[in-house]
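Q: The structure under discussion is supplied below as structure tokens; questions concerning it will follow.
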Amino acid sequence: MMKDEFNYQLVPYNYAHCFNSQCQKTGECLRYIAAQHCPKECTTMNIINPACIPSDSRACAYFHSAKKVHVAWGIKHLFDRVPHKQVYELKNRMLGHFGRNKYYRFYRKELFLTPEDQEYIRRLFQQQGVVEELAFESYSEEYQWSFD
């Protein structure tokens, strides 16, 4: 992986880093890659306790794939071609599922929709009889950060 294509500013606060250079999966693990790109201005961070890392790195419970996923941005125009009487129901179900904060972060394009989020919305619209393919505002390939 080229060093200039990783933007450390996108690493979530409190994301656990890993410094195990002996691991066989260093090039595939987002935790290790984040640790390698950590700028010197970052004086403290969360790390995986080296004593908890298994000797067989293939069985590491802390491994987090650095594979990028196809994400969508923006839900502002999803309702444009939906009959007005269905908009209220669809929006309420999305608010109930994602919560108000997350829904409006999607709306303002502050947070991307994972493939799972996109599929949930597609099923929801299909259940309401909307058969045309949904088009989010834009798409990109991003790391899927997690805290598992």
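Q: Under the definition of Cα pairs under 8 Å and six or more residues apart, what whole-number percent is the relative contact order of the chain?
A: The normalised contact order for the chain reaches 28 percent.
Q: To the nearest µm²/s, what D does Stokes-Einstein give for segment 103-148 at 10 °C and 1.306 mPa s, using the Kirkwood radius over alpha carbon pairs as Rh?
A: Answer, rounded: 131 µm²/s.
Q: In whole percent, and with a 1.4 Å probe on the protein chains, what portion of the accessible area of segment 63-145 is carbon and sulfur?
A: That share works out to 49 percent.
Q: Would you pull out the residues with amide H under 5 Å of I47's amide H, same chain only if 5 or more places away, H placed 1.01 Å from N?
A: Amide H to amide H, under 5 Å and 5 or more residues apart or across chains, I47 pairs with H17.
Q: How much accessible area per residue does the chain have, counting only protein heavy atoms and a probe of 1.4 Å, in square angstrom?
A: Accessible area per residue, the chain: 66 Å².
Q: Let me ask something additional. As a test question: what accessible area, to the nearest 10 Å², does V131 have when a 1.4 Å probe is rolled over all protein chains in place?
A: 140 Å²
Q: Ordering K91, K40, K25, K109 by accessible area with a probe of 1.4 Å, largest first, what comes out?
A: K40, K109, K91, K25
Q: Same structure, new question: Using only the alpha carbon atoms of segment 6-89, find the Kirkwood hydrodynamic radius as the inverse mean reciprocal pair distance, in angstroms to one decimal.
A: Final number for the Kirkwood radius of segment 6-89 is 15.7 Å.
Q: Using a Gaussian network model of the chain whose springs link C-alpha atoms within less than 10 Å, name the residue from C18, C52, C42 with the highest mean-square fluctuation.
A: C42
Q: Continuing with the same structure: GNM, the chain, Cα, under 10 Å: largest mean-square fluctuation among Y120, Y107, Y13?
A: Of Y120, Y107, Y13, the most mobile in the Gaussian network model is Y13.
Q: Whole-Hz Karplus ³J(HN,Hα) for segment 118-133, in order, using 6.51 cos²θ - 1.76 cosθ + 1.60 and θ = phi - 60°, x for Gly and Pro?
A: Karplus-based 3J(HN,Hα) across segment 118-133 equals 4, 5, 4, 5, 4, 4, 4, 5, 5, 4, 8, x, 7, 9, 6, 5 Hz.
Q: Cross-link candidates for K109: which lysines have Cα within less than 28 Å, leaving aside residues fewer than 8 places away along the same chain?
A: Output for K109: K3, K67, K68, K76, K85, K91.
Q: Let me ask something else about it. Count the DSSP beta bridges whose two residues both fall in the chain, then state the antiparallel fraction as a percent rounded to the nearest 5.
A: Of the beta bridges lying entirely in the chain, close to 90 percent run antiparallel.
Q: What are the ³J(HN,Hα) values, in whole Hz, obtained from phi via the Karplus relation 6.51 cos²θ - 1.76 cosθ + 1.60 with θ = phi - 60°, for each residue of segment 74-84 in sequence order, with x given for Gly and Pro?
A: Whole-Hz 3J(HN,Hα) from phi for segment 74-84: x, 10, 4, 9, 4, 8, 4, 10, 9, x, 3.
Q: Between segment 1-79 and segment 108-148, what is the C-alpha centre distance in whole Å?
A: Centre-to-centre (Cα) distance: 23 Å.
Q: Something else about it: List the residues whose amide H sits under 5 Å from the amide H of V130, counting only those 5 or more places along or on another chain, with H placed 1.01 Å from N in the peptide plane.
A: Those qualifying (amide H under 5 Å, at least 5 residues apart or on another chain) number zero.
Q: Follow-up question, since we're still on this one. What FRET efficiency would be calculated for the residue pair E142, R58, taking the C-beta separation as r and a Förster radius of 30 Å, to the nearest 0.05?
A: 0.70
Q: Can you compute the charge dipole magnitude of segment 59-148 about its Cα centre, using +1 on each Lys and Arg Cβ and -1 on each Asp and Glu Cβ, nothing else charged? Give it in debye, rounded to the nearest 20.
A: 340 debye
Q: Given the DSSP H assignment, sum -39500 (n - 2.57) over each helix run of at least 4 residues in the chain and divide by its residue total; what's the result at 222 nm in deg cm²/dmol, nearest 500?
A: Theoretical 222 nm ellipticity from helices: -8500 deg cm²/dmol.
The values are calculated or read from the model by the stated rules, or taken from the named source; none is laboratory data. Just so we're clear, the structure is a prediction, and the values are computed from it rather than from any experiment. Glycine also receives a Cβ, built like all others from the backbone with ideal geometry; neighbour counts cover every protein chain displayed. Please note that ligands, DNA and RNA were not included when accessible areas were found on the heavy atoms of the full protein model with its side chains. Shrake-Rupley method; radii C 1.70, N 1.55, O 1.52, S 1.80 Å.
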